[in-house]
Amino acid sequence: MDSLEAMVNVNGVVLELAQATIPVMDRGFLYGDSVYEVFRTRDGVPLFLNDHFDRLENSARLIDMRISQSRAVLIKEIGLTVAATGATRADPLYVRYQITRGEGPMDLYPKPGLSTRYVIIVKALPIWKEEFYSRGLDLAIPRVRRNPVNALDPNIKGGNYLNNILALSEAKNMGSDDSVMLTRDGFVTEASNSNVWFVIDGQLVTPSQGNLRGLTKKHIHKALKEVGIKSVESDIHVNELHDATECFVTSATRDVMPCAVLRLEDGTFLEFPKGGGKVTRQTREIFSVYVRDYVKQHQNESLI
């Protein structure tokens, strides 16, 4: 891990992170006009690679962007970037690949026929604070509301994160680690960049509206179903959270991370079991086994 160098690939030019640049007229820089994905590796194997590309291509369709580069080309360039880091299979990696609409006139309307630019970032997987797992996150519900779906579809995994940034900043200013965002009607959507789950009346549930179709979430559902455990997606109103007995978040880099405290808008606190309750711990263990088996079955996709 000590020899791993963070590297960036901009349209085929691979450089150290501090040396990489993009043109100032790039629409991703000017307007956030881009889509992206993040995955992690385990033993060199990218987790859920095809799912990530399917979602990237769906995000592009939702913003009417035609990606100039093929999936095969992007996977090859990701592999070249990984090689440039000097990583071994023992090094868990963070891989982010972003597609901007490219360069064009300084105008909100994207000129038809622009050639997209890809930016690939490969670095060591972030190491979260140990207490986030042994104790859990402190979450807070901010006043900032999630963008309405008919204004900006959360299933566009794009480069404009101001809504999330504002919510996270408000939560941080309250002394919390992350935010849990509500719709204008008071329904729970997601954390700033993670899906959120609750155990309510003995049922494991995650919000069905206003959030990204998380791939870790998708595979946790699948892993639980394989062992006969039910998990559901449903509307969750903020008033129902008083009945929640457990809470955790999931993402590509966090896996299953428990929540210790959730601060509501009125300043009251909901407390959950330290390090996660029975369902949270069980889900984490089941998903860990599922990922291990996935890696064994996808050795042919290894990037190293």
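The values are calculated or read from the model by the stated rules, or taken from the named source; none is laboratory data. Here the structure is a predicted model, which is why all the values come from computation and not from measurement. Cβ sites come from the backbone with ideal geometry, for glycine too, and all protein chains shown count toward neighbours.
Quickly run through region 170-202 and pick out the residues that are assigned to a loop (DSSP other than H, G, I, E, B) and of a type outside the set (Lys, Arg).
174, 175, 176, 177, 183, 185, 186, 192, 193, 194, 201, 202 - these are the residues of region 170-202 that are assigned to a loop (DSSP other than H, G, I, E, B) and of a type outside the set (Lys, Arg).
Scanning region 270-287 for residues that are over 11 Å from residue 199 (Cβ atoms) and not in a helix (DSSP H, G or I) returns 270, 271, 274, 275. Just give me the residues in region 6-47 being of a type in the set (A, V, I, L, M, F, W, C) and part of a loop (DSSP other than H, G, I, E, B), in sequence order. Answer for region 6-47, where residues must be of a type in the set (A, V, I, L, M, F, W, C) and part of a loop (DSSP other than H, G, I, E, B): 6, 20, 22, 24, 25, 47. Checking 64, 138, 153 one by one, the residue that is of a type in the set (D, E, K, R) and in the same structural domain as residue 36 (by TED's automatic domain parsing) is 64 and no other. Note on region 129-143: residues that are over 19 Å from residue 253 (Cβ atoms) and touching a strand residue (DSSP E or B) at 6+ places or on another chain (Cβ under 8 Å) amount to 3.
Taken over region 161-183, residues that are surrounded by fewer than 16 Cβ atoms within 10 Å (Cβ to Cβ) and within 17 Å of residue 212 (Cα to Cα) amount to 3. In region 249-258, is there at least one residue being surrounded by 15 or more Cβ atoms within 10 Å (Cβ to Cβ) and farther than 30 Å from residue 50 by Cβ? No.
Just checking, which of 167, 151 is under 20 Å from the mean Cα position of the chain (by Cα) and either in contact (Cβ under 8 Å) with a residue 12 or more places away in the chain or more than 28 Å from residue 42 (Cα to Cα) (or both)?
Only one candidate qualifies: 167.
Residues of region 182-201 that are under 16 Å from residue 247 (Cβ atoms) and of a type outside the set (A, V, I, L, M, F, W, C): 189, 190, 192, 194, 195, 201.
Answer yes or no: is there a residue in region 214-225 that is of a type in the set (A, V, I, L, M) and not in a helix (DSSP H, G or I). No, region 214-225 contains no residue that is of a type in the set (A, V, I, L, M) and not in a helix (DSSP H, G or I). Taking the criterion of being on the phi > 0 side of the Ramachandran plot and in contact with an Asp or Glu (Cβ under 8 Å, 6 or more places away or on another chain), the only residue of region 98-124 that qualifies is 102. Kindly evaluate residue 208 against the criterion of being buried (at least 18 other Cβ atoms within 10 Å of the Cβ), among the polar types (S, T, N, Q) and under 17 Å from residue 146 (Cβ atoms). Judged against the criteria, residue 208 is not a match.
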